[in-house]
Structures are given as C-alpha cells and as structure tokens.
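The values are calculated or read from the model by the stated rules, or taken from the named source; none is laboratory data. Note that the structure is a prediction, hence the values are computed from the model and not measured. Glycine gets a Cβ as well: all are built from the backbone with ideal geometry, and neighbour counts include every protein chain shown.
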2 protein chains.
Amino acid sequence: MNFSAEIIAVGTELLLGNITNSDAKEISEALSGLGINVYFHTVVGDNPQRLKSAVEIAKSRADIIITTGGLGPTFDDLTKQTVAECFGKALVFHEEEADRIRGYFRGLDRQMTDNNLAQAYLPENCTILVNSCGTAPGCAFESGGKHVIMLPGPPRECGAMLHSGAVPYLRNLSDSEIVSHNIRIFGMGESAVEDKLRPLMTALDNPTLAPYAKTGEVSLRVTAKAKTHEEADRMMKPVIAQVSKTLGDYIYGIDVDSLEEAVLQLLIKKKLTLAAAESCTGGLFSKRITDIPGASQAFIGSVVSYAIEAKTSVLGVSPDLITQFGAVSRETAQAMANGALKLLKADLAVGITGVAGPGSDEKGNAVGTVFVALASAEKTFCRALQLGNDRDRVRITAAHHAFDMLRRYLTGAAIGDMEHFSAFHRLK
Amino acid sequence: MNFSAEIIAVGTELLLGNITNSDAKEISEALSGLGINVYFHTVVGDNPQRLKSAVEIAKSRADIIITTGGLGPTFDDLTKQTVAECFGKALVFHEEEADRIRGYFRGLDRQMTDNNLAQAYLPENCTILVNSCGTAPGCAFESGGKHVIMLPGPPRECGAMLHSGAVPYLRNLSDSEIVSHNIRIFGMGESAVEDKLRPLMTALDNPTLAPYAKTGEVSLRVTAKAKTHEEADRMMKPVIAQVSKTLGDYIYGIDVDSLEEAVLQLLIKKKLTLAAAESCTGGLFSKRITDIPGASQAFIGSVVSYAIEAKTSVLGVSPDLITQFGAVSRETAQAMANGALKLLKADLAVGITGVAGPGSDEKGNAVGTVFVALASAEKTFCRALQLGNDRDRVRITAAHHAFDMLRRYLTGAAIGDMEHFSAFHRLK
C-alpha cells in the first residue's frame, strides 16, 4: 500500500516567524526514507478552532497525520485535546507516564509544578511514544483507517522520538522494507556529481539514487524497496559499487555521520593523535571533532590563535615569517600546523588561517582566502583556497578541508596541494 | 482593518525534507512586523492539482495569500499558471520583463535558453515585483477582495523581493504599525520567568508579552500595535521597565543577538581583551565569540586543552593539582583560566572543564558536572554546575555560563560563586 502523509506543526511562534519549521524537514526526510509520500505540510497556531479545521482538512487528504508541538504542560498546549476530539477519542490518565515525568524532575533535582502531570493524559488506546529528552510523551493511534502520530515541538525531542518511536510504528504499517544508504562526498559540487551520475540516476527506478547538498558537501542517497532488508541491500550493492567507481576518493564514507566522524574513526584505528592551530575558524574545527563522544581517544587539543601574538608566542610562528608573508599565507598556515604539532606533541596537526570576513584583511587578501595545512613529523601539506564571501560558509568549508586532508592522509589518498578538489574552492 | 494571511510554499524538495521552509519564517517575521496575522503556512509540491486545492483552501480562510517558489523557467514551475487560474486571470507577456531577463544573462555573459522568457508571462493587471538577485519576477494583485503575492523560492531572491516589493505593497494596505522588542534572559528557566510575570502577561492586551525558550536561555518578546512606531515604543516602555525591575540582572540585553554578542560589545567598549582555556566545550566558547564579525577587537585566542598533558604543558596547570583535585574540579578550572590569562596576555580569561559525557570520568564525576572559572589579574571566580546528561546541552550551557560570568563581571553585577543563577544548574 502507498501511504500519503501530512505534517501539521502547531505553534504560534512558527507563524510569528520566531523559528523555522525544522521538525517538518526532519520528519519529511524520515518519511521519504520509508517510501511514504508527504503531500502537504501545514503550520497552525496554538488555537483550537484553527487546529481543528487543519486536522479535518488533513483527514480528508492524507492517510497518516503527524503533528508536532503543543504537547507541553502550559495552557496553550492544546494539540492532544484537539486532535483526540477530531477523532472522537477521550484522554486517559497514564499513571506510568506520570511516574516517568516525576522521575524526570527528580533526576534534575527540580521542583515539579502540578501542571506537568497534564502531560500524562493521552488518547485512549494509543501507543505511547517515550520522550527521551524531555517531559511531554508523544503517542500514535489508528482511527477509521487514518494513522495519527503526535510528536513534541522542540526539535531535539521531536527528532529523538521520530526515530525511536514514530519510524518503527510506521515501518510496521508497510509490508515491504525501504532501506537507504548514504554515500558522503567532499570536494565535488552537487552539479558535478549529478553530471557524472545522470545516466545512472535516470536509468534507475528501484533502487533510486538522489543527490542532496549541504554547506560544502554532497550526499547521495541510494534507496531500495524490497520484501526484506537483505534483499534491499543486495539490490543496492551494484549501484553503490558503480557510484564508488565513478567518484573514487571523493567519497569519504558510506553511512557515516560526518567528515569529522570518518577522521576520528581512522585516527583511533591507526592509534594516531591530532592537534590543531586555528585562526579564522576560531575553534570550529576543534568544536566539531569534540562534538563526537570519544574524541579524547585521539584529539589532544588545539590553540585558537586569533591574534597575531598568539601565533608567535604560543605556536612559535616566527614574527619575521608573518611580516614577510602575512598572517594569511601558505607559510603561516604551515608554521601554525608545525607549531601545534610540537607544542601538543601530536602525530598530526592542522593549521588554518584565512579571511572569514566581512572585510578583507590589512594585507588586502580577499574575504574567503584560506590556507589549510596538515603537518606530520615527516611532511607538511597545504591547500590554498577561495571559499566565497559568506563568513559562516568560509569557516565551515575551511574546517571541512582540514578534515578532508586528514582523511586523505590517513587513507593514503592523494591529499593534493590543489589538484584533487573542485575548481570552486581553488584559489587562482 | 485586521488582515489575516496564509503563506503557501510550493516545492517538492520541501516535502522530501531536502530543505527547510526558511522563506515562510522570513515572510512571517515581516508580516508580524506589519501587524498582519499569519494563521496558516502550507507547503505543497510541484503538482498543479494539489496546489490548486491549497489555493482554494487559502482563499476561504485568508485575506492575503503569499506564495513562494515555482516561478522559474522549467516545466515543473507551475505557480503562476495555477494561481492565476484560481483567480480567473490570464497570463500576459510583459516585454519589459523579457528585456530585463535578457539583460540579466548578458550581464553574466551566459547563453539564455528560450524557456527563460516564459518567466515574462505574468497575471493581467498585476504589480510586477522586480527580482534583484535572479531572473524570475514576482507579482502582486487584488481579486475579489483577496490580495495575492507571488515570490520566488530561493531564499536570497525571496528575501530581497519580500523587503523591496511585498512589504511596501502590504504596508499600503494597513493603517497601523506593529513593533517588537526582545528581552534576553540567562540563568532563569522559562517556567520561572512565566511564574514571576504571569499576572503581567495575563493582564496585557496591547502591548503583549510572551516568553520563548531555547537551549539554556529564555527570551521575552514585547509587541505593541499603534498608529506610529513612536507610539508603539511609548506603549512598551512601562512594560519593559516592569520586566526589567522584576528580572533584574538575569536580563542580559534587549534586542541583542546573543549572550556572546553582549559580552563582545562590553569588552570592546571597555577596551579589554579576552582569552579562554576550554576542555569539555572543546572550542565551542571560542567558536561562538568568533562567529561574530569584529571578535578580533577583543578576543586574543584560546587553548583547547582536551588531554591532561595539554593542560599541564601548555596552560601550566600543575600536575600535582590535577592529581590531588582531578581534571574536573574547581581548582583545575581556576588554574586553566589563570594559565590562559598569562599565556595569552589577556585582561580576562575563562576556564571550562567538565564531563560532557556520554560516560562519567575516571574520577567518577557524573555527566554534566562542569566547573567554569573567570580570571582577571586581581581575582578568580568559579561556578560549580550540574548541566544534565545530554552532551550537546552540557557543552552549550557550559559556554553560556562562561559568557554570563563575563557579562556580570563587565557590568558589575554579582557573578555568584553559585548564588545568582537558577537551582537547575547548581551543583550540590
């Protein structure tokens, strides 16, 4: 059966433009992965009449309705009552959920106000979806052939419950399995990837192959629908092989979370330690590797040398070198990497210096000019880059390049002074 | 007159979860500012039947319909045709727009394909909205008492046309101004803020007062509707004064972007420099202050001392002290802050050490145990915190506390060894 779904996000703050509807994006992505067609998103405020009308419209045009938001303890949280009413269901007090909510507050050593227990009222005969990051439980039920799932609004809570509760519930509705793999790519733009793979993408029907771009990198999602997980995997194998052959070492991993995750796993496997010296990225490289639990197995630390004095006094970059070549130069990036390598006694160290903007630097280097160096005891590599004129993008992409150089070094791929990544990033 | 609006975003990529509906956020924010109530957002794919049904529903419940997306030159760009049809309007070729589109390609030195001229077909008797960042023009028209505005989908093009074309068009429809101010709070939870201000929030009608929570902090938005901007400001003044009196130095700013922004402005004003020593936050504190253009005016740099050796060899924390008290301790946090102060020759330095998780540390400190120190040449302060068991939240909130201590130091407010922030964050 081919299900269609509608996502209804409830919250006046969305209509006021205070926040983006990121829940709808995350849920849509998950439903795509399950082969469920999402035909509409609706956003409605904390207003029971308008929510009711939105639910009635959704009932008339979707098999599955997923709501987010309005499950909390305050007086404007009305989703459960309103949706239950639309489906003629009563709310029932769940002692077990009440206990869980009490326990949540005990765990945080915070006083629980009584209104929190309102969250333990849930529609009769529903499946409770546990909230692992907050107090408001979610739920799922079937009524008159329609499936309804209610998730909390805060993105972290919504995302966790989506994957732990809603996705398994929805997977049970289908008699086939949809399996996806994510091929992660760095160093080639989305249109270049599409260009190389268009004949394959067009020819495929099941499995399918689709590209997704996010800041500075590209993912290819391979998705197959089959009776079993194993059969789906078997169907995808030749596609993945062909993509791997076509894109080669631009692929940094399959089903890995991020470039930094791929690097950390390689470092741990090879028992190598890492340090960093960051200027324009201001700590972003270090923040990203330490986002990953277990980073301490390989990451020793870094120096964020934002001011020139920090480069000379802490990292030992020669003031003459900076005077001669400038703080934003190949020479300084390499000296920073070598400085961090020695100071922090690491096996590998990166050095990143550049102009993040908004203005060019005192030497007249344009915004987006970045040098990324990688030093080992034996050799130092450097990339000279032009990363555009958006501050956030320059910083994110500069850190991407540092991770990419590490990944290439650790896998024995060509690191490239420049030759191995797309022209877009290359400094003329 | 009180207008209500609905925003319809058209694009299958939104329903697949490839992108977030950031256009709807930006348009909603602009409409709030104009005093126009947005009651619904709808997202629909590039499908004329479903788009038609969405427009019909919007016609029945909104005075103003704003669409985004589907104005481009390719075969799946169907918004203009479909919406015009819903309102019984023909599309008319505009020679002037065709010239502008031809000129756009000449300017880029790119070959124009003929399908681009399809974009010059616009509904009869409409106001053309010029696209300053792309080829697809937008338009606005009135029909049967309903106002329709069509904007392009790419966020940069949509945002530019929103502010240059749609907002002036809408302002002409209204005779009042809506003005908002954002009061930013750290150190008190959303429910505590609500608790203290409930009588005021309930009593108010115009202006209104509403709280919003995000990770570790709270905002209060005051909004007034009046004939003029000045009158709206005058109406909000006593409310802001009363909130300020009630919440005192928990308020870190009004209409400032973030805690780090408030800190950076204070540092620049007082001509003081800042350094940091980060362990569990792994560079996040430094990343956040360097997110802000101009951070180099005050921020010298930092040491991310993830491994113990980095604490001792780079920051000069005594190995004996670490053996005696542990790497996660008040003593180590203070020694880290003082080490960074000396090493980087700064006026102020923070030191952050803690257990971000997922597991407790070798000394048995629970996940969420964090010590944040602030050192000046004269004195060192320290907070002992318990920040919960979510790795991201622990790291974000730990950095918040470092910025809060700086903000309090720089404004002469009580920094508190512990006494000045909510019990939620306090370590027993």
**Message:** Tell me yes or no: at least one residue of segment A:132-139 is surrounded by 15 or more Cβ atoms within 10 Å (Cβ to Cβ), closer than 22 Å to A:Ala30 by Cβ and at pLDDT 95 or above.
**Reply:** yes
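Condition test on A:Glu96, is it surrounded by 15 or more Cβ atoms within 10 Å (Cβ to Cβ) and among the charged types (D, E, K, R)?
No, not satisfied.
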**Item:** Residue list for segment B:68-81, filter: closer than 18 Å to B:Glu13 by Cα and more than 14 Å from chain A (Cβ to nearest Cβ)
**Value:** B:Gly70, B:Leu71, B:Gly72, B:Pro73, B:Thr74, B:Phe75, B:Asp76, B:Asp77, B:Leu78, B:Thr79
**Fill in**
Expected output for segment B:19-30 (first residue in the same structural domain as B:His163 (by TED's automatic domain parsing), partner of a type in the set (Lys, Arg) and in a helix (DSSP H, G or I), Cβ below 9 Å, 6+ apart or cross-chain) is B:Ile19/A:Lys25; B:Thr20/A:Lys25; B:Asn21/A:Lys25
**Asked** Does B:Lys237 count as surrounded by fewer than 16 Cβ atoms within 10 Å (Cβ to Cβ) and in contact with a strand residue (DSSP E or B) (Cβ under 8 Å, 6 or more places away or on another chain)?
**Response** no
**Prompt:** In this structure, does A:Arg156 turn out to be assigned by TED's automatic domain parsing to the domain that holds A:His94, of a type in the set (D, E, K, R) and modelled with pLDDT under 95?
**Reply:** yes
**Message:** Can you tell me which condition A:Thr290 does not meet? The list is (1) under 21 Å from A:Gly354 (Cβ atoms); (2) crowded, with 24+ Cβ neighbours inside 10 Å, and all the others hold.
**Reply:** (1)
**Asked** If you take the residues in segment B:195-212 that are surrounded by fewer than 17 Cβ atoms within 10 Å (Cβ to Cβ) and under 30 Å from B:Gly368 (Cβ atoms), which one is farthest from the other protein chains (Cβ to nearest Cβ)?
**Response** B:Lys196
**Prompt:** Just wondering, is there one or more residues in segment B:214-234 that are touching a helix residue (DSSP H, G or I) at 6+ places or on another chain (Cβ under 6 Å) and surrounded by fewer than 18 Cβ atoms within 10 Å (Cβ to Cβ)?
**Reply:** yes
**Item:** Residue count, segment A:337-385 (criterion: buried (at least 22 other Cβ atoms within 10 Å of the Cβ) and touching a residue at least 60 places away in the same chain (Cβ under 8 Å))
**Value:** 17
**Message:** Looking at segment B:346-366, can you tell me whether even one residue there is within 14 Å of chain A (Cβ to nearest Cβ), more than 22 Å from A:Ser286 (Cβ to Cβ) and of a type in the set (A, V, I, L, M, F, W, C)?
**Reply:** yes
**Request:** Look through segment B:40-65, keep the residues that are away from every other protein chain (no Cβ under 12 Å) and in contact (Cβ under 8 Å) with a residue 60 or more places away in the chain, and return whichever of them is farthest from B:Val10 (Cα to Cα).
**Result:** B:Asp63
**Complete:** Per the list (1) crowded, with 24+ Cβ neighbours inside 10 Å; (2) touching a strand residue (DSSP E or B) at 6+ places or on another chain (Cβ under 6 Å); (3) within 14 Å of another protein chain (Cβ to nearest Cβ), residue check on A:Ala399 breaks on (2)
**Message:** Pairs please, first residue from segment A:313-326 and crowded, with 17+ Cβ neighbours inside 10 Å, second anywhere and in a loop (DSSP other than H, G, I, E, B), Cβ atoms under 6 Å, 6+ apart in sequence or on different chains.
**Reply:** A:Gly326/A:Lys363
**Asked** Looking at B:Leu272, B:Leu267, which is the one that is within 14 Å of another protein chain (Cβ to nearest Cβ), outside any loop (DSSP other than H, G, I, E, B) and at negative phi?
**Response** B:Leu267
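Can B:Thr228 be described as more than 14 Å from chain A (Cβ to nearest Cβ) and touching an Asp or Glu at 6+ places or on another chain (Cβ under 8 Å)? Quick ask: steps written out before the conclusion?
Working: more than 14 Å from chain A (Cβ to nearest Cβ): yes; touching an Asp or Glu at 6+ places or on another chain (Cβ under 8 Å): yes.
In short, yes.
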**Message:** Against the definition (more than 30 Å from B:Glu56 (Cβ to Cβ) and at pLDDT 95 or above), how does B:Ala241 come out, yes or no?
**Reply:** yes
**Prompt:** Which of (1) more than 18 Å from A:Asn21 (Cβ to Cβ); (2) outside any loop (DSSP other than H, G, I, E, B) does A:Gly88 not meet, given it meets every other one?
**Reply:** (2)
**Prompt:** For segment B:275-329, what are the residues that are more than 10 Å from chain A (Cβ to nearest Cβ), of a type in the set (Ser, Thr, Tyr), within 14 Å of B:Gly339 (Cβ to Cβ) and part of a loop (DSSP other than H, G, I, E, B)?
**Reply:** B:Ser318
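Name every residue in segment B:102-132 that is out of contact with any Pro (no Cβ under 7 Å at 6 or more places or on another chain) and within 23 Å of B:Tyr169 (Cα to Cα), in order of residue number. Outline the logic, then answer.
Keep residues of segment B:102-132 that are out of contact with any Pro (no Cβ under 7 Å at 6 or more places or on another chain), which gives B:102-114, B:117, B:120-121, B:123-127, B:132.
Matches in segment B:102-132: B:Ala120, B:Tyr121, B:Pro123, B:Glu124, B:Asn125, B:Cys126, B:Thr127, B:Ser132.
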**Item:** Close pairs from segment A:221-238: first assigned by TED's automatic domain parsing to the domain that holds A:Met201, partner part of a helix (DSSP H, G or I) and at pLDDT below 95, Cβ under 6 Å, at least 6 apart
**Value:** A:Ala224/A:Ala232; A:Ala226/A:Ala232
**Message:** Every residue in segment A:4-35 that is in contact with a Leu (Cβ under 9 Å, 6 or more places away or on another chain), modelled with pLDDT of 90 or more and more than 8 Å from chain B (Cβ to nearest Cβ), please.
**Reply:** A:Ala5, A:Ile7, A:Ile8, A:Val10, A:Asp23
